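The values are calculated or read from the model by the stated rules, or taken from the named source; none is laboratory data. Everything numeric here is computed off the predicted structure, so don't read it as measured data. Please note: Cβ atoms are built from the backbone with ideal geometry, for glycine as well, and neighbour counts cover all protein chains shown. For the accessible areas, the whole protein counts, side chains as well, though only heavy atoms, and no ligand, DNA or RNA atoms are used. Shrake-Rupley method; radii C 1.70, N 1.55, O 1.52, S 1.80 Å.
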Amino acid sequence: METYTIRSSDVNNLVTGAAFLGTGGGGDPYIGGLMLKRAIERRGPVEVIRNAKSNNAQVVGSAMMGAPIVMIEKIPSGDEANKALKIYSEITGRKVEYITPLEIGGVNSTIPLIVASALGLPVLDGDGMGRAFPELQMTTFYFYGVDPSPVIVLDERGNVSVVEGIDGVWAEKIARVITLRYGGAAYISLYGTTLNMYNKTAVLDTLSLALHIGELLNQIKFNEVLDYLKAKILFKGKVIDVIRRIEKGFSRGFVVIEGMEEYSNKSLKIDFQNEFLIATLEDNVLVSVPDLITVLDMFTFKPITTDRIKYGQKVLIIGIPAHERLRTKEALKYIGPRVFGYNIDYEPIEKRNDVTWL
């Protein structure tokens, strides 16, 4: 077992790297960074555990739920997720010993650390997605045998709901409706399991990966990021159209990018549901879920989320191979392109030979 701490000076790197891996979703990195810095300044650095030895210690996930654009308008106080975790422990009778992120993203990488800071608990270096996805059942925890229920859903006023879904899909449906009634954003505790199951099902070491990627990006070492993740530049251009709407508790829409320089006279379309899902060039799919699509500012190399992308921005589009635990038959039943309504099968980014990459 290895232990390290996240200090205030690490936060910018963490949220930058988490937003990069969050594929446009997972919450706003600026808000997440402010909340975490305040928590660390009040209570000190947060302990993170790598390579934890498997045993029956109890692990619980902590996150925000809802449309990212709503989270910008309803900035949390930072205590809501703590309350949700305490209620989880009271209702289940389980003593929570470790906290885990549900996904990697600008806010949802920081929420577990804020909760850990408040409750004096360590955070495990891993999560259930290795990126961000829009729905609760879209986790490696669920694909490989961990039930998300009970799901504690709490709003900023203190309203609480307990969801016991018959499966992960129903838990998502019910919790989503509750989140809508709570105003479009809520705080959840879920996926209680043992450390033994966690090690078998999680995407491990993603907090340390986010720290590393964020450090490289903040030092403008962009090519090192591409090499480290075996990622590729898909496109370069200017945003000429953004269609965004709130639908059934999600931010849905698409962005169109007009090519620049070697990409002139072409346009790229990226669809999103909280996160970027599929990138299409001239009717050819370049990348689809579960592989990662990340949009960066062309000049600063900072990630741009789906709620912050707008007309006129000059951007780089990056494609990144997903973690192997996201590419199995079990996983693709829940996060393949057909799940999101696209009439194509998943093809790994590195095997897409039908498209000539520019």
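Quick look at the numbers
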read-out	value
Residue tally, condition assigned to a helix (DSSP H, G or I), open to solvent by less than 60 Å² (accessible area, probe 1.4 Å) and within 19 Å of residue 261 (Cβ to Cβ), over the stretch 209-244	2
Filtered residues of the stretch 322-342 (kept if part of a loop (DSSP other than H, G, I, E, B), out of contact with any strand residue (DSSP E or B) (no Cβ under 7 Å at 6 or more places or on another chain) and closer than 20 Å to residue 274 by Cα)	336, 341
Matching residues in the stretch 92-112 - criterion: being crowded, with 24+ Cβ neighbours inside 10 Å and in a helix (DSSP H, G or I)	111, 112
Some residue of the stretch 188-200 being touching a Pro at 6+ places or on another chain (Cβ under 7 Å), part of a strand (DSSP E or B) and assigned by the TED database to the domain that holds residue 92	yes
Only one of 280, 194 that is open to solvent by 20 Å² or more (accessible area, probe 1.4 Å), more than 26 Å from residue 65 (Cα to Cα) and among the hydroxyl-bearing types (Ser, Thr, Tyr)	280
Odd one out for residue 151 among (1) in contact with a Ser or Thr (Cβ under 8 Å, 6 or more places away or on another chain); (2) touching a residue at least 40 places away in the same chain (Cβ under 8 Å)	(2)
Residue 67 vs. criteria more than 18 Å from residue 140 (Cα to Cα), at pLDDT 95 or above and among the hydrophobic types (A, V, I, L, M, F, W, C)	no
Tally of residues being open to solvent by 10 Å² or more (accessible area, probe 1.4 Å) and either part of a loop (DSSP other than H, G, I, E, B) or on the phi > 0 side of the Ramachandran plot (or both) across the stretch 289-321	13
Exclusive hit being among the basic types (Lys, Arg), within 30 Å of residue 288 (Cβ to Cβ) and modelled with pLDDT of 95 or more, set 131, 50	131
Residue ranges of helices (runs of 4 or more DSSP H) in the stretch 1-91 with at least 3 members open to solvent by 60 Å² or more (accessible area, probe 1.4 Å)	29-43
